Amino acid sequence: MRATLTVTDRGVVSLPAKMRRASGIKADDLLIAETTPEGILLRPTVTLPVEIYTHDRIREFESVEAALEKVLRRKSRR
């Protein structure tokens, strides 16, 4: 799919709706722009969810790690 786009004096480029739909690009999506030998390449960014650990969750990790440490110590004695 090809389209002729206009760049505003502020550097804003609008992608046609048909092109956005075909590429799965939605409002407020982030894109990576990089220069290539062929020109400018636009591609979606990859976003990963981030878990913020609560104090209870950290204690849970510590408990599991302590139990694992006991098992590993027993195995290393054998």
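The values are calculated or read from the model by the stated rules, or taken from the named source; none is laboratory data. This is a predicted model, so every value here is computed, not measured. Every residue, glycine among them, receives a Cβ derived from its backbone with ideal geometry; neighbour counts consider all protein chains shown.
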Quiz prompt | Selection status of Lys75, charged (D, E, K, R), within 28 Å of the chain's Cα centre (by Cα) and surrounded by fewer than 10 Cβ atoms within 10 Å (Cβ to Cβ) | solution = no
Quiz item: Would you say Ile40 is assigned to a strand (DSSP E or B) and surrounded by 10 or more Cβ atoms within 10 Å (Cβ to Cβ)?
Solution: no
Practice problem: Look through Ile25, Ile32, Ile52 and report the one residue that is of a type in the set (A, V, I, L, M, F, W, C) and loosely packed, with under 10 Cβ neighbours inside 10 Å. | Solution: Ile52
Quiz item: Taking only pairs six or more apart or across chains, which ones have beta-carbon atoms under 7 Å, a first residue in segment 43-68 that is within 30 Å of Ile25 (Cβ to Cβ) and without any contact (Cβ under 8 Å) to a residue 40 or more places away in the chain, and a second residue that is surrounded by 10 or more Cβ atoms within 10 Å (Cβ to Cβ) and not hydrophobic (A, V, I, L, M, F, W, C)?
Solution: Pro44/Asp29
Practice problem: Identify all residues within segment 18-34 that are part of a loop (DSSP other than H, G, I, E, B) and either over 23 Å from Val46 (Cβ atoms) or of a type outside the set (Gly, Ala, Ser) (or both); write none if there are none. | Solution: Ile25, Lys26, Asp28, Asp29, Leu30
Practice problem: Would you confirm whether any residue within segment 6-17 is in contact with a Pro (Cβ under 8 Å, 6 or more places away or on another chain), part of a loop (DSSP other than H, G, I, E, B), surrounded by 10 or more Cβ atoms within 10 Å (Cβ to Cβ) and modelled with pLDDT under 95? | Solution: no
